[in-house]
Structures are given as structure tokens and as C-alpha cells.
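Following: one structure in C-alpha cells, then a few remarks.
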Amino acid sequence: MNSTDPAVSLLPVPATEWPLIREMAARIWPNAYGALITPEQIDYMLKKMYSDEAFALDQANGVSYCWIEWKGERAGFLAFGPTQPDQRCFLHKCYLETRRQGNGIGSKAMEHLIQLLWKEQATALELRVNRGNESAIGFYRKNGFQVIGEDCLDIGSGFMMDDYVMRLWIGSE
């Protein structure tokens, strides 16, 4: 595995900091999704995915949240899991503050995550990405992910998630 940048690190998010994740997501999402989905859907998804109940359910299901830190500052966050040997892991969330994008922080954070998953003997990392989110798709492709399918998911209240499913192989399956 490649060595990672020591200026970028992944630090576990304790439950006491879930409100800080929620605040960061509320800052990031309008820029990330404003041209792709309605403000009403953004609001609905933020409330659904970042409630204390959603965090607790994620934790119960083996999902880990990490701060992406760059030079000692919180630049973003990610959520992944569960992580088990000889199984695929799912990347649930990966977000950087808008002002931190485009300078390699996300790629270095992805390197850290891949190294962690490699040590845990995961076979692959999978994710869903909005099919219209060209910048995110480009980021994931640049980091070795490939589109393996498409999925349209009804998330309630008349809203849909229209996504590509992408995968990065880590080990042998």
C-alpha cells in the first residue's frame, strides 16, 4: 500500500460529536447537491440521515464515523462499515468542506481508509453516488473506483435517490 500523507488523518467521531457532523453536513450539502436535487429533498435527507436516531442505528449496525483532519483542522468526515474480513465494506458518507476540496485532502483520506480496510482484510469498498454528481464521480474514478451498476431508491416523502453503485477492489474475494 502507498504511504499516506501525515498532514491528513482519520479520527473516530465520538457520539458526543454527532451534532458537529450534522452541522458540517448542513454546510456542505447545499453546495454538493444544490444543482442536483431540490432544497426540500436536501432538507429531508439531512433530517433523515443525520438525526441522533440515524447515528445510533448506524453505530448499532457497525458503521464508523471519522473526522477527516488536515493539519489538525476538521476538513470533513466519512462513514463506513461494517468492516469484516473477506467482506465488502460500504462507504456511507464522504464529505469535505467546500473550501478544502481540490487539493488532495479527499484522496489522502481515501488512502488512509483503504489502508485501514486492507488491514481489516475487507475485499472491496462500495458506495452510491448521485448519477448527476460529475465531480464526485470523477473523484471516485481518480481514486480507483469503477461503476458496477445503477440504482434508483425510493427514500420516502416522494423523493428518490438515482445513483451509480461504484466499487474499489481492495483484496481478493
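Rule-based calculations on the coordinates, nothing more; no lab input. Remember, predicted model here, so these are calculated numbers, not experimental data. Backbone-built Cβ (ideal geometry, glycine too); neighbour counts: all protein chains shown.
So here's what we get for this one:
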read-out	value
Trypsin sites (Lys or Arg not before Pro) restricted to segment 9-79 and DSSP loop, no more than 16 other C-beta within 10 Å	71
Residues listed by number, segment 110-141, amide nitrogen under 20 Å from residue 71 label point at 7 Å toward C-beta	110-112
Residue order, fewest to most beta carbons within 10 Å, for 33, 65	33, 65
Dipole magnitude (debye, nearest 20) for the chain, charges at Cβ of Lys, Arg, Asp, Glu	480
Reach of residue 48 by Cα under 26 Å, taken over lysines that are not fewer than 8 positions away in the same chain	93
DSSP-defined antiparallel bridges as percent of all bridges, the chain, nearest 5	90
Normalised convex hull volume, segment 58-125, alpha-carbon set, Å³ per residue	82
14 Å beta-carbon shell around residue 131, net charge (K/R +1, D/E -1)	-3
Hypothetical label at residue 48: residues of segment 131-173 whose amide nitrogen lies under 20 Å (7 Å Cα-Cβ projection)	131-133, 150-166
Cα centroid separation - segment 30-77 against segment 118-158, whole Å	15
Bins of 5 Å from zero: percent of alpha-carbon pairs in the chain	1, 8, 17, 21, 24, 18, 8, 2, 0
Percent RCO, i.e. relative contact order, over the chain, from Cα pairs under 8 Å lying at least 6 residues apart	21
Structure-based [θ]222 nm, the chain - -39500 (n - 2.57) summed over DSSP H runs of at least 4, per residue, nearest 500	-11000 deg cm²/dmol
Debye log10 I(q)/I(0) for segment 91-137, one point scatterer per Cα, at q = 0.18, 0.23, 0.28 Å⁻¹	-0.66, -0.98, -1.18
